[in-house]
1. What translational diffusion coefficient, in µm²/s and rounded to a whole number, does the Stokes-Einstein relation yield for segment 33-72 at 4 °C and a viscosity of 1.567 mPa s, taking the hydrodynamic radius as the Kirkwood radius over Cα pairs?
2. Fully extended, how many nm does the chain gain between Val81 and Ile19 (0.36 nm per residue separation, minus their Cα-Cα distance)?
3. Mind checking the dipole of segment 33-72: about its Cα centre, +1 per Lys or Arg Cβ, -1 per Asp or Glu Cβ, Debye to the nearest 20?
Amino acid sequence: MGTSFKNFIGNGSSGIIGILNTVVVPVIFAFAFAAFIWGVVNYFFLHGGEEIKREEGRKFILWGIIGMVVLFSVWGFVNIVLSTLGIMPQA
């Protein structure tokens with residue numbers, strides 16, 4: 001057969017890496033951002049006087065930020081490794 005492992009892994013947006021970069025990673029970023037926004041809304045707008053609910057909002061903010069930082073770091077590291085190995089998907 002004429003398909004190689006490199007084409008299967010990184011063949012534009014139809015390869016595994018392309019699908020991960022265009023579908024999976026943005027969805028995970030959206031969830032982390034939504035957690036951050038939900039925390040901000042809980043902390044500042046919905047439960048301004050209830051300290052227990054504000055603490056819950058603060059936790060959502062913290063974990064949303066941590067999630068986005070970890071995702072950006074891992075995504076960047078993976079893209080560096082893929083470009084070093086020469087299997088980056090074409091845009």
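1. On the way: Rh = 9.8 Å.
Answer from the Stokes-Einstein relation: 133 µm²/s.
2. Values: separation 62, 0.36 × 62 = 22.32 nm, distance 1.71 nm.
Going from the current span to full extension adds 20.6 nm.
3. On the way: 4 positive and 4 negative charges, 17 e Å.
My answer is approximately 80 debye.
Read-outs throughout are calculated quantities, based only on the coordinates presented, and are distinct from any laboratory measurement. All values derive from a computational prediction rather than experimental measurement. Methodologically, a virtual Cβ is constructed for each residue, glycine included, from the backbone with ideal geometry; neighbour enumeration extends over all protein chains shown.
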